[in-house]
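Notes follow the structure.
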Amino acid sequence: MPTDYLLKRAGLFLLILWLASTVNFFLPRLGGQDPIRAQLGAQAAMGGNGQVGARQMIEEYDKKFGLDRPLWVQYLSYMGDTLRFEFNFSMSSYPTKVVDII
C-alpha cells in the first residue's frame, strides 16, 4: 500500500472525527434548552416539592459544568477533554463521572 494512500485515509478519518465531535458539541446547544434547568425541574417533579434556592443551584452547576463560560471556550475545553478521554461529570446522574457509566 502506498504511503500517500494511508496518509489520505488517516487524514480523512481525523477530519470526520473532528466534524462528528463538533456536531456532537453544537447540536444540544442549538436546541435552546438549558440542561441544568431541565434536570432540576425533572427532579422537582419526581420529588413533588419546589426547589428552594434553585437559582443558586443553577449558578453553581453552570460553574461546575463550565456553562457560564463563552461558547468558544466551552468548545475548546470540550475538544481538549475529548482528546484526553476525560468526559467529566454526568448531568443526569451527578456526581458520577461519564467514564464510570460507560
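The values are calculated or read from the model by the stated rules, or taken from the named source; none is laboratory data. Being a predicted model, the structure only gives us computed values, none of them experimental. So basically every Cβ, Gly included, is an ideal-geometry build from the backbone, and we count neighbours across all protein chains shown. Only protein heavy atoms, including side chains, enter the accessible area calculation; ligands, DNA and RNA are left aside. Shrake-Rupley method; radii C 1.70, N 1.55, O 1.52, S 1.80 Å.
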Within the stretch 77-102, track down each residue that is of a type in the set (A, V, I, L, M), closer than 19 Å to Ala38 by Cβ and either open to solvent by less than 50 Å² (accessible area, probe 1.4 Å) or in contact with a Lys or Arg (Cβ under 7 Å, 6 or more places away or on another chain) (or both). Val98
Which of the residues that make up the stretch 33-55 are loosely packed, with under 10 Cβ neighbours inside 10 Å and either in a helix (DSSP H, G or I) or at pLDDT 95 or above (or both)? Ala45, Met46, Gly47, Arg55
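Applying the selection to the stretch 61-73, what residues are without any contact (Cβ under 8 Å) to a residue 24 or more places away in the chain and not aliphatic (A, V, I, L, M)? First the steps, then the outcome.
Step one: filter the stretch 61-73 for residues without any contact (Cβ under 8 Å) to a residue 24 or more places away in the chain, giving 63, 66, 68-70, 72-73.
Passing the criteria: Lys63, Gly66, Asp68, Arg69, Pro70, Trp72.
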Residues of the stretch 1-32 being farther than 17 Å from Tyr75 by Cβ and loosely packed, with under 10 Cβ neighbours inside 10 Å, which ones? Met1, Pro2, Thr3, Asp4, Tyr5, Gly32
